[in-house]
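A.B. asks: Pasting a structure below so you can have a look.
The values are calculated or read from the model by the stated rules, or taken from the named source; none is laboratory data. Since the structure is predicted, the reported quantities are computational estimates derived from the model, not experimental observations. Positions of Cβ are generated from backbone atoms using ideal geometry, with glycine treated the same way; all protein chains shown enter the neighbour counts. Quick note on the areas: whole protein, heavy atoms, side chains included, nothing else; ligands and nucleic acids left out. Shrake-Rupley method; radii C 1.70, N 1.55, O 1.52, S 1.80 Å.
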Amino acid sequence: MKTEIRSGGDWHEAAKRYIEEGEVVAFHTETVYGLGANAFDDGAVLKIFSLKGRPADNPLIVHVHKSYDISRLIDGEPSYAAALRKAYLPGPLTMVYPSIGKVSKYVSCGLNTLAIRVPSSPCAQEFLREVNLPIAAPSANLSKHVSPVTAQHVYDDFAGKIPLIIDGGACQGGIESTVLDCTGDVPKILREGLVTREMIAKVAGSCELYRAKAGEKPKSPGMAYQHYSPRCRTAYFSSPEKARECYFEEQKQGGSPYLLCENALLPAFSGLKVYDLGKTGEEMARNLYALLRRAEREATLLVAVEPKEHGGVMAGVLNRLHRAFGVIV
Ligand code: AMP
Ligand code: MG
């Protein structure tokens, strides 16, 4: 199969046709690129799992355009959920509701809930409006690999396997959406992202961070898996001095190490090969995956230093960093 990358207005008709035929189409969002299929179509949804090599118990998020009536898919919502939708959607916030089971049973992998997202990217909105169907879409990367933030990243993982990539440029958010459980009295964050715990609590009154207790089946199965790993060796330090030692050791062995750190640490590593994550949480979120993919091409060993700031957006950035570098927290 030939994989086309299309941008501008040149993809509408083809995208609609492919989705109606049960094909899988990759599309730009403000977080990362998605790999989308008709959420009502069992065969199309299963295709997503096999293309990605995604575990069969890791549910998918359904994407809809901003005028789509989600009451067609869910069994009511608490009042805080309506307030959050008003405050933050369209945007990088996925909300988990009780499902009425209208979409393919493979979307939620047997859970009685449904995760819904309304992306703000104009490109995603155009696509969703064109097809006017709920689109089940995980990130458009092979399972465990780094999530894609450019059309080229999607092409690198799926060339020859999908017919179309809708190119909306580089993703400005850079990490996956916040996933929020809206089935209880208090909203619970299942995955941290650009809509922060503080932002949710401000509108909903309170917000908890969900952590599976020992032995308990996680509410968001995806969080149990290793994720986002670059295909090069990695090391992770909280101490810049230790990171520097590790860098020089790799160099001594004839390797090509790179450091990955926040902007404030650049002077400490002057003269070394360094990827600059950025200054703010938003910048670090935007840069992280592109740098991990770049390291795969350039580095034999990627040595990261933990950023200092941990609050707000950084909670999401640190979650991705820890998973990419296999750090147990
Ligand atoms: P991805 O689409 O690859 O960014 O991953 C989607 C994330 O949303 C995973 O962590 C899933 O476990 C989570 N998710 C999707 N649907 C549900 C659901 N119904 N309940 C809880 N978590 C979900
Ligand atoms: Mg993913």
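A.B. asks: Would you check if GLU176 is charged (D, E, K, R), more than 13 Å from ligand 1 (Cβ to nearest atom) and either under 23 Å from ALA26 (Cβ atoms) or surrounded by fewer than 21 Cβ atoms within 10 Å (Cβ to Cβ) (or both)?
C.D. replies: Taking the combined requirement at face value, the residue does not satisfy it.
A.B. asks: Does any residue of the stretch 206-218 turn out to be modelled with pLDDT of 95 or more and surrounded by 17 or more Cβ atoms within 10 Å (Cβ to Cβ)?
C.D. replies: Among the residues of the stretch 206-218, at least one is modelled with pLDDT of 95 or more and surrounded by 17 or more Cβ atoms within 10 Å (Cβ to Cβ), which makes the answer yes.
A.B. asks: Another question about this same structure. For GLU30, which of the numbered conditions (1) of a type in the set (Asp, Glu); (2) surrounded by fewer than 20 Cβ atoms within 10 Å (Cβ to Cβ); (3) modelled with pLDDT of 95 or more; (4) within 30 Å of ALA290 (Cβ to Cβ) fails to hold?
C.D. replies: (2)
A.B. asks: Consider GLY110 carefully, then state whether it is within 16 Å of ligand 2 (Cβ to nearest atom), of a type outside the set (D, E, K, R) and at positive phi.
C.D. replies: So GLY110 fails the test.
A.B. asks: Would you pick out the residues in the stretch 127-148 that are more than 15 Å from ligand 1 (Cβ to nearest atom) and buried (at least 19 other Cβ atoms within 10 Å of the Cβ)?
C.D. replies: PHE127, LEU128, VAL131, LEU133 - these are the residues of the stretch 127-148 that are more than 15 Å from ligand 1 (Cβ to nearest atom) and buried (at least 19 other Cβ atoms within 10 Å of the Cβ).
A.B. asks: Still on this structure, please answer the following. If you scan the stretch 98-110, which residues turn out to be open to solvent by 20 Å² or more (accessible area, probe 1.4 Å) and in contact with a helix residue (DSSP H, G or I) (Cβ under 8 Å, 6 or more places away or on another chain)?
C.D. replies: Within the stretch 98-110, LYS102, LYS105, TYR106, CYS109 meet the criteria.
Residue by residue, here is whether (1) closer than 30 Å to ALA295 by Cβ; (2) away from ligand 2 (no atom under 15 Å from the Cβ); (3) touching a residue at least 12 places away in the same chain (Cβ under 8 Å) holds:
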| site | (1), (2), (3) |
| --- | --- |
| LEU164 | yes, yes, yes |
| ILE175 | yes, no, yes |
| VAL179 | yes, no, yes |
| ARG191 | yes, no, yes |
| GLU198 | no, yes, yes |
| PRO230 | yes, no, yes |
| GLU241 | yes, yes, no |
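A.B. asks: Test each condition in (1) away from ligand 1 (no atom under 16 Å from the Cβ); (2) out of contact with any Asp or Glu (no Cβ under 7 Å at 6 or more places or on another chain); (3) open to solvent by 10 Å² or more (accessible area, probe 1.4 Å) for ILE166 and report the one that comes out false.
C.D. replies: It is condition (3) that ILE166 fails.
A.B. asks: Tell me, which residue of the stretch 35-52 that is within 12 Å of ligand 1 (Cβ to nearest atom) and of a type outside the set (Val, Ile, Thr) is farthest from the chain's Cα centre (by Cα)?
C.D. replies: Per the stated criteria, the residue is ALA39.
A.B. asks: Given the residues VAL64, VAL103, VAL96, which is the only one that is touching a Phe, Trp or Tyr at 6+ places or on another chain (Cβ under 8 Å) and within 15 Å of ligand 1 (Cβ to nearest atom)?
C.D. replies: VAL103
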